[in-house]
1. Among the residues in the range B:13-23, are any of a type in the set (Gly, Ala, Ser), in contact with a Phe, Trp or Tyr (Cβ under 8 Å, 6 or more places away or on another chain), within 14 Å of chain A (Cβ to nearest Cβ) and not in a loop (DSSP other than H, G, I, E, B)?
2. Just the residues that are surrounded by fewer than 19 Cβ atoms within 10 Å (Cβ to Cβ) and of a type in the set (D, E, K, R), please, taken from the range B:257-288.
3. Residues B:Gly47, B:Gly26: which one is more than 14 Å from every other protein chain (Cβ to nearest Cβ) and touching a helix residue (DSSP H, G or I) at 6+ places or on another chain (Cβ under 9 Å)?
4. Between residues in the range B:205-224 that are closer than 16 Å to B:Val178 by Cα and residues that are in a loop (DSSP other than H, G, I, E, B), which pairs lie under 7 Å by C-beta distance while being six or more apart or on different chains?
5. Condition first: buried (at least 24 other Cβ atoms within 10 Å of the Cβ) and basic (Lys, Arg). Now tell me which residues in the range A:23-51 satisfy that.
6. For the range B:69-79, which residues satisfy the criterion of being surrounded by fewer than 24 Cβ atoms within 10 Å (Cβ to Cβ) and in contact with a helix residue (DSSP H, G or I) (Cβ under 9 Å, 6 or more places away or on another chain)?
7. Mind listing just one residue for me: the one in the range B:41-70 that is charged (D, E, K, R) and out of contact with any Ser or Thr (no Cβ under 6 Å at 6 or more places or on another chain) and, of those, nearest to A:Ser58 (Cα to Cα)?
Number of protein chains: 2
Amino acid sequence: MTATPAKPAKLLPPNPTIGVFDSGFGGLTVLRDLLPLIPGARYIYLGDTARLPYGSKSRETIARYAVSSAKFLHEQGAELLVIACNTATALAFDDIRRSLPIPVIGVVEPGAQAALSSSTPYSLLPTPCSHVLVLATTATVQSHAYTHALNTLNLEAYEKACPLLVPLVEEGWINHPVTDEVLNIYLTEALTAAPSTQTLLLGCTHYPLLEPAIRRTLAALNHPLTIIDSAQATAQAVALHLNQQPTTTNHRPQMTFYATDSIEKFERLGSAFLGQPVTGVRHVDLGG
Amino acid sequence: MTATPAKPAKLLPPNPTIGVFDSGFGGLTVLRDLLPLIPGARYIYLGDTARLPYGSKSRETIARYAVSSAKFLHEQGAELLVIACNTATALAFDDIRRSLPIPVIGVVEPGAQAALSSSTPYSLLPTPCSHVLVLATTATVQSHAYTHALNTLNLEAYEKACPLLVPLVEEGWINHPVTDEVLNIYLTEALTAAPSTQTLLLGCTHYPLLEPAIRRTLAALNHPLTIIDSAQATAQAVALHLNQQPTTTNHRPQMTFYATDSIEKFERLGSAFLGQPVTGVRHVDLGG
C-alpha cells in the first residue's frame with residue numbers, strides 16, 4: 001500500500017516543493033520533523049479542517065476528501081506529496097498515487113519500518129513473531145493497513161481503535177487525569193488481548209502529543225514498551241527519498257499553510273503541533 | 001433567530017412531509033419525539049455524516065453545509081423543515097430560512113421557551129433573573145444563540161462548551177465512569193461560574209442520551225437542576241405549528257432516511273438515538 005513512489009527522486013530538484021497534507025493539525029507533527037531534516041525545501045501544508053475528522057468516516061468518503069486535498073497541493077506546485085495522516089494513508093494511498101504524477105509518501109510504511117528496526121536492534125533479521133501494538137483511529141484499524149505492512153515485515157500486529165484520543169488532544173487535556181484513565185482503559189484492553197507486545201506504534205499524528213501520558217500509563221501498568229512515532233519515521237523516509245544528508249544549516253524553511261475551515265483556529269491549535277507559531281494561514285474551499 | 005417561520009401553517013396539508021436534518025445521528029432524538037405527536041406525517045431524515053461534526057467548525061462552513069442539506073430535503077419533497085441540530089440552528093437558521101420557501105423550525109427557540117415554562121411553573125410572568133445553564137458544542141456556545149433567545153425571555157444564560165460529550169456518546173460510554181468524571185469537570189466549572197442556576201438546558205441533540213449520567217453527576221454535586229431537553233420541546237413546537245392534537249392512533253409513520261457517509265454505520269448507531277431500528281438508509285453525496 002505504501003510501496004515505491006511513482007516517480008524516482010532523481011527527477012526532483014535538490015530543494016523541492018513538498019506538499020504535506022492531513023485532515024487537520026496532526027500532520028504538523030510530520031512537518032515539524034521534516035524541517036530540520038530538509039531545511040532547504042519549500043513546504044505547502046493543507047489541513048482539511050472543514051471535513052475532519054477522517055478517522056470515523058467510510059473509505060469512500062475518506063478517499064474522495066484525500067484525493068481532492070492531494071490534487072490541490074499538486075496544483076499549488078508540490079513536487080512531492082507527504083500524506084501526513086494515518087487514516088488517509090491507510091484508506092486512500094493507492095487512490096492518491098493514481099491521481100497524481102508526483103512521488104507520494106505515506107506514514108504507514110515508514111511507521112512499520114521503524115517498528116521493525118526497533119524490534120531487531122542487534123540483528124539484521126527480524127525476530128520471528130515480534131508483536132507490535134498499533135493505536136489508531138477506527139477507520140485506520142478497520143482498513144488493517146498496519147497489519148498488512150507489519151506482516152510483510154514478519155511482525156505480528158494488534159490494532160486498537162482509540163476514538164477518544166483525538167478529541168482529548170483537541171480539548172487540550174494532554175496531561176490530565178481523564179486522559180490517563182482513557183489511556184489506561186484502551187491500553188489494558190489491548191495488552192490483555194496481546195500480552196506479548198514489545199513495541200507500541202502511534203498510528204495517528206495526534207498521538208505524539210500524548211507520548212508522556214502513554215509512558216506514564218504503561219509504567220503504571222508495569223508494561224513498558226518501545227514507542228514508535230510514525231511522524232518521525234515518515235520525515236526520515238522523505239529525507240532518504242531525497243538523498244538528503246543531515247545538515248546543520250540555519251536556512252529558514254519557507255512554509256505556506258492552507259486550511260479548509262477557520263484560519264484563526266488553525267493558527268491557534270496548529271502551533272502546539274508544529275512547535276512554533278503558525279501564521280499567515282490561507283483559507284481554501286475544496287467543496288462540501 | 002428562530003422567529004416565526006416564513007409560511008403560515010394553514011398552507012400545509014394535515015399530514016405534511018416533514019424534513020428533519022442533523023449533522024449526524026443526534027437529530028433522531030427529535031424525530032423520536034415527533035413520531036407520537038404527528039404520526040400521520042411522512043418523514044424524510046438527513047444525517048450529514050460525511051461532514052460531521054458541525055460543532056467544532058466555523059460559522060461559514062456550518063452555514064454552507066446546513067443550507068445544502070436543507071435544500072436537499074426540500075428537493076425531496078419536504079413541506080416543513082425541522083433543523084434538529086443545535087449547532088446548525090444556532091449558526092445557520094437565518095441562512096436556511098432565506099434559502100427555502102417552506103416553514104423552518106429550529107431547536108433553539110423551543111428549548112428556550114421550555115426553559116421559561118420550567119422557570120415559571122406557578123406564574124404567567126417569568127421570574128426575574130432566573131438562570132439557565134446551557135450545555136452545548138463549541139460553535140453553538142460561540143454563537144451565543146441561546147443567550148440571545150433566553151435573554152429575550154428575561155432569563156439569564158450561562159453557556160458551557162462540552163466538546164468531549166459527543167465523542168463519549170459515539171464511543172458508547174453512556175454510563176461509564178470516564179463520562180461521569182468528564183461531566184463532573186464540566187458541571188463543576190459551570191456551576192462555580194453560575195451558582196444560582198436552577199435549570200439545565202441540553203443544547204445538543206446527543207446529550208439526551210447522557211441524561212441519566214447528568215442527573216447522577218448533579219446529585220453527587222448536591223446541585224439538582226430541572227433538565228430541559230430541546231428535542232422534546234422542538235417536537236412539541238412542530239405539533240403546535242401544525243395544530244396537531246395529541247392522538248392515540250396506531251398509524252405507522254412513513255420514514256425515509258438519507259446519510260452522506262456510511263449507510264451501515266448510520267443504521268447501527270442511529271437505532272440507539274431513534275429508539276427503534278433504522279433500516280433502508282439511502283446514501284446521498286452532497287459534495288465535499
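The values are calculated or read from the model by the stated rules, or taken from the named source; none is laboratory data. It should be emphasised that the depicted structure is a prediction, and the values quoted were computed from it without experimental measurement. Here the Cβ positions follow ideal geometry from the backbone for every residue, glycine too, while neighbour counts run over all protein chains shown.
1. no
2. B:Glu264, B:Glu267, B:Arg268, B:Arg282, B:Asp285
3. Details: B:Gly47 fails: more than 14 Å from every other protein chain (Cβ to nearest Cβ).
Of the residues listed, the single one that is more than 14 Å from every other protein chain (Cβ to nearest Cβ) and touching a helix residue (DSSP H, G or I) at 6+ places or on another chain (Cβ under 9 Å) is B:Gly26.
4. B:Leu209/B:Ile174; B:Leu210/B:Ile174; B:Pro212/B:Asn175; B:Ala213/B:Ile174; B:Ala213/B:Asn175; B:Leu218/B:Pro224; B:Leu218/B:Leu225
5. Scanning the range A:23-51 gives a single hit, A:Arg51.
6. B:Lys71, B:His74, B:Glu79
7. Looking only at the range B:41-70, we keep the residues that are charged (D, E, K, R), and these are B:42, B:48, B:51, B:57, B:59-60, B:64.
From what's left, out of contact with any Ser or Thr (no Cβ under 6 Å at 6 or more places or on another chain): B:51, B:57, B:59-60, B:64.
On the way: B:Arg51: 11, B:Lys57: 20, B:Arg59: 25, B:Glu60: 25, B:Arg64: 22 Å.
Restricting to residues being charged (D, E, K, R) and out of contact with any Ser or Thr (no Cβ under 6 Å at 6 or more places or on another chain), the top hit is B:Arg51.
Yes/no matrix, rows are residues, columns are (1) under 28 Å from A:His131 (Cα atoms); (2) surrounded by fewer than 24 Cβ atoms within 10 Å (Cβ to Cβ):
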{"site": "A:Pro16", "(1), (2)": "no, yes"}
{"site": "A:Phe21", "(1), (2)": "no, no"}
{"site": "A:Tyr65", "(1), (2)": "no, no"}
{"site": "A:Asn86", "(1), (2)": "yes, no"}
{"site": "A:Ala92", "(1), (2)": "yes, no"}
{"site": "A:Pro110", "(1), (2)": "yes, no"}
